[in-house]
1. For the structure I just gave you, tell me whether E109 is open to solvent by 20 Å² or more (accessible area, probe 1.4 Å), more than 20 Å from F6 (Cα to Cα) and at pLDDT below 90.
2. Across region 12-31, which residue is farthest from the chain's Cα centre (by Cα) among those that are surrounded by 11 or more Cβ atoms within 10 Å (Cβ to Cβ) and among the β-branched types (V, I, T)?
3. Could you list all residues from region 121-133 that are surrounded by 14 or more Cβ atoms within 10 Å (Cβ to Cβ) and under 15 Å from the mean Cα position of the chain (by Cα)?
4. Going through region 62-94 one residue at a time, which ones are crowded, with 16+ Cβ neighbours inside 10 Å, modelled with pLDDT under 95 and hydroxyl-bearing (S, T, Y)?
5. Filter region 32-46 down to residues that are at pLDDT below 95 and either among the small types (G, A, S) or open to solvent by 50 Å² or more (accessible area, probe 1.4 Å) (or both), then give me how many there are.
Amino acid sequence: MSERTFRFRLRSSHRPPERNTTDLVVEFLSDSGLWEPQQLSLTMPGFRIYLISLLLCQHFYLVANAREKAIPLQEVQADFNVTTSSDWIIASVEGNFGIRLDPGAAPSEDAIAYMQERMKLCPISRNLPETVAKSISLNNLG
């Protein structure tokens with residue numbers, strides 16, 4: 001049985017003082033090897049919409065928890081990979097999120113760990129079966 005791998009990347013900006021998400025871009029690595037910007041539409045394959053929802057849910061929780069912990073988020077970058085079986089059953093989800101903070105900001109390791117754990121509470125992630133291997137990492141881009 002062969003696997004399918006779906007690769008996405010995300011970038012967003014978060015300007016003071018509100019730190020709302022702006023300039024959000026989600027891209028999908030197409031079969032041709034090119035990164036394609038994603039705009040949700042009625043013609044987009046439903047499974048891709050589901051995977052984008054999973055990515056955006058993680059992003060939403062990251063941003064909300066940074067705000068809750070008063071972490072001055074400037075930018076988020078993410079690589080997000082989902083592997084399925086040949087019959088489209090999700091086998092693994094791997095998200096590598098990087099954050100860039102205001103100059104001089106130095107959140108504690110506990111605050112970063114808190115945000116990473118809270119990202120796992122995204123309802124879409126929580127509804128994945130226990131058999132799905134899930135890995136979400138959060139790193140400071142400096």
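1. Criteria met by E109.
2. T21
3. C122, I124, S125
4. none
5. So the count comes out to 7.
The values are calculated or read from the model by the stated rules, or taken from the named source; none is laboratory data. Owing to the predicted nature of the structure, the values given are computational and were not obtained by experimental measurement. Note: ideal-geometry Cβ built from the backbone for every residue, glycine included; neighbour counts use all protein chains shown. Just the protein is used for accessible areas: all its heavy atoms, side chains included, with ligands, DNA and RNA removed. Shrake-Rupley method; radii C 1.70, N 1.55, O 1.52, S 1.80 Å.
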